[in-house]
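The values are calculated or read from the model by the stated rules, or taken from the named source; none is laboratory data. None of the values given here were measured: they were computed from a predicted structure. Here Cβ is always computed from backbone atoms with ideal geometry, including for glycine, and neighbour counts include all displayed protein chains.
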Amino acid sequence: MKLYSITNDKLKSISSNTFKLEKDIQNLIENNMEELFNLQFVKTELTIKNFRIDTLGYDKENKSFVVIEYKKDRNFSVIDQGYTYMSLMLNNKSDFILEYNENCGGTLKRDDVDWSQSKVIFISPQFTDYQKHSINFKDVPFELWEIKRYENNLLGLIQHKTSSEESISSIVEDKSGVVSSVSKEIKLYSEEEHLNHPKVLETTKEIYKKIKERIINIGGDIEIVPRKMYIVFKRKTNFFDITILKGELWCWINLKKGELDDPKNLCRDVSNIGHYGNGDYELVIKEDSDLDYVMFLINQSYKKQN
């Protein structure tokens, strides 16, 4: 990726300023985990069973632990190391709970954590084509992020996303090995799984697709992330969440109580009620007759994330 500054319609290339040490990357990420990944920092340089984890984070939304590893060496195996750390976590759950409670002042119990949503994030100035291809499966719980530092204190962070519909389990011969054992417990969700539930009506699917198309057209910085109980539309963070039910969509607008302008009073205040999505406003959509107003509500949350 090349970056340019614009002055009077003239472009000037912005030079890269490479990281000298892996530790420089680690310090930068750990000091900005919430801003970059919406994660709570738990501990640095965590040692469990003779394995050292660079950074341990906690995803409050998914109630899951996230391991972050930093690499300047381009020869390491993403798959081997990733599954080793996942197996380490799933076989030593109490140790991870203890680290969170001791370092974050928490009272987590084993059943409070959704272990199926655990993942490993690899961060490096550059990944090889082989490393990128090795995680190109729909159900591999790893993320690859390339980090670049530029002059004028600019930072670039780009995720390499999978495009495959193939499961890694289909190519694993040893069904008793680490990959198979981790795959049995880890679950990555897809938009299709939410839509193709046998109880969901076709009319409900169509309403979802109409809302999705309108949301995507708001701007080019929107990401769709399927979760266990809902589908996330996010910018910097979630601004709108949808659960697809049989004949209706249950939605949550990620604004605090008092921040939403809703003259028709279509939204319910759930600030003191347990609910799946993010935000204090719940909206139930059963038909597509007033999508312009729905988008008026969603836009307010989208702009708040700027």
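Exactly one of these conditions fails for residue 122: (1) touching a strand residue (DSSP E or B) at 6+ places or on another chain (Cβ under 8 Å); (2) loosely packed, with under 13 Cβ neighbours inside 10 Å. Give me its number.
(2)
State all residues of segment 253-268 that are assigned to a strand (DSSP E or B) and either among the basic types (Lys, Arg) or farther than 24 Å from residue 63 by Cβ (or both); if no residue qualifies, say none.
Matches in segment 253-268: 268 only.
Does segment 13-30 contain at least one residue that is part of a loop (DSSP other than H, G, I, E, B), of a type outside the set (A, V, I, L, M, F, W, C), at pLDDT 90 or above and within 18 Å of residue 144 (Cα to Cα)?
The answer is no, given that none of the residues of segment 13-30 is part of a loop (DSSP other than H, G, I, E, B), of a type outside the set (A, V, I, L, M, F, W, C), at pLDDT 90 or above and within 18 Å of residue 144 (Cα to Cα).
Contact list please: Cβ distance under 7 Å, first residue in segment 260-272 and assigned by TED's automatic domain parsing to the domain that holds residue 286, second residue part of a loop (DSSP other than H, G, I, E, B) and exposed (fewer than 15 other Cβ atoms within 10 Å of the Cβ), pairs at least six apart or on different chains.
Here the result reads 269/257; 271/257, each pair linking segment 260-272 to a residue that is part of a loop (DSSP other than H, G, I, E, B) and exposed (fewer than 15 other Cβ atoms within 10 Å of the Cβ).
Taking the criterion of being modelled with pLDDT of 95 or more and touching a helix residue (DSSP H, G or I) at 6+ places or on another chain (Cβ under 9 Å), would at least one residue in segment 270-279 satisfy it?
No, there is no match, as no residue in segment 270-279 is modelled with pLDDT of 95 or more and touching a helix residue (DSSP H, G or I) at 6+ places or on another chain (Cβ under 9 Å).
If I ask for residues that are under 11 Å from residue 240 (Cβ atoms) and part of a strand (DSSP E or B), which ones from segment 211-229 would you list?
224
Kindly provide the set of residues from segment 104-130 that are more than 20 Å from residue 181 (Cα to Cα), under 20 Å from the mean Cα position of the chain (by Cα) and of a type in the set (Val, Ile, Thr), ordered by number.
Within segment 104-130, 123 is the sole residue that qualifies.
Mind checking which residues of segment 149-167 are under 27 Å from residue 33 (Cβ atoms) and either outside the structural domain of residue 89 (by TED's automatic domain parsing) or over 20 Å from the mean Cα position of the chain (by Cα) (or both)?
Listed by number, the residues that qualify are 149, 150, 151, 152, 153, 154.
In this structure, is residue 208 among the aromatic types (Phe, Trp, Tyr) and part of a helix (DSSP H, G or I)?
yes
Within segment 209-227, does at least one residue satisfy the condition of being farther than 17 Å from residue 300 by Cβ and either polar (S, T, N, Q) or touching a Gly at 6+ places or on another chain (Cβ under 8 Å) (or both)?
No; the residues of segment 209-227 include none that is farther than 17 Å from residue 300 by Cβ and either polar (S, T, N, Q) or touching a Gly at 6+ places or on another chain (Cβ under 8 Å) (or both).
Of the residues that sit in segment 233-247 and are at pLDDT 95 or above and of a type outside the set (A, V, I, L, M, F, W, C), which one is nearest to residue 212 (Cα to Cα)?
Selected residue: 241.
Looking at (1) at pLDDT below 95; (2) within 23 Å of the chain's Cα centre (by Cα), can you tell me which one residue 68 breaks?
Answer for residue 68: the failing condition is (1).
Could you check segment 31-78 and list, in sequence order, the residues that are buried (at least 21 other Cβ atoms within 10 Å of the Cβ) and assigned to a helix (DSSP H, G or I)?
Passing the criteria: only 78.
Name the one entry in 172, 179 that is surrounded by 13 or more Cβ atoms within 10 Å (Cβ to Cβ), without any contact (Cβ under 8 Å) to a residue 12 or more places away in the chain, closer than 25 Å to residue 90 by Cβ and not assigned by TED's automatic domain parsing to the domain that holds residue 231.
Values: 179 fails: without any contact (Cβ under 8 Å) to a residue 12 or more places away in the chain.
Going through 172, 179 in turn, the sole match is 172.
Quick one: what pairs do we get from segment 292-306, first residue assigned by TED's automatic domain parsing to the domain that holds residue 208, second assigned to a helix (DSSP H, G or I) and surrounded by 13 or more Cβ atoms within 10 Å (Cβ to Cβ), C-beta under 7 Å, 6+ apart or different chains?
294/211; 295/214; 298/215
If you go through segment 240-261, how many residues are surrounded by fewer than 16 Cβ atoms within 10 Å (Cβ to Cβ) and touching a strand residue (DSSP E or B) at 6+ places or on another chain (Cβ under 7 Å)?
Here the count works out to 1.
Take residues that are β-branched (Val, Ile, Thr) and tell me which of the helices (runs of 4 or more DSSP H) falling wholly in segment 126-196 contain 2 or more.
Once the helices (runs of 4 or more DSSP H) in segment 126-196 are filtered for at least 2 residues that are β-branched (Val, Ile, Thr), what remains is 178-185.
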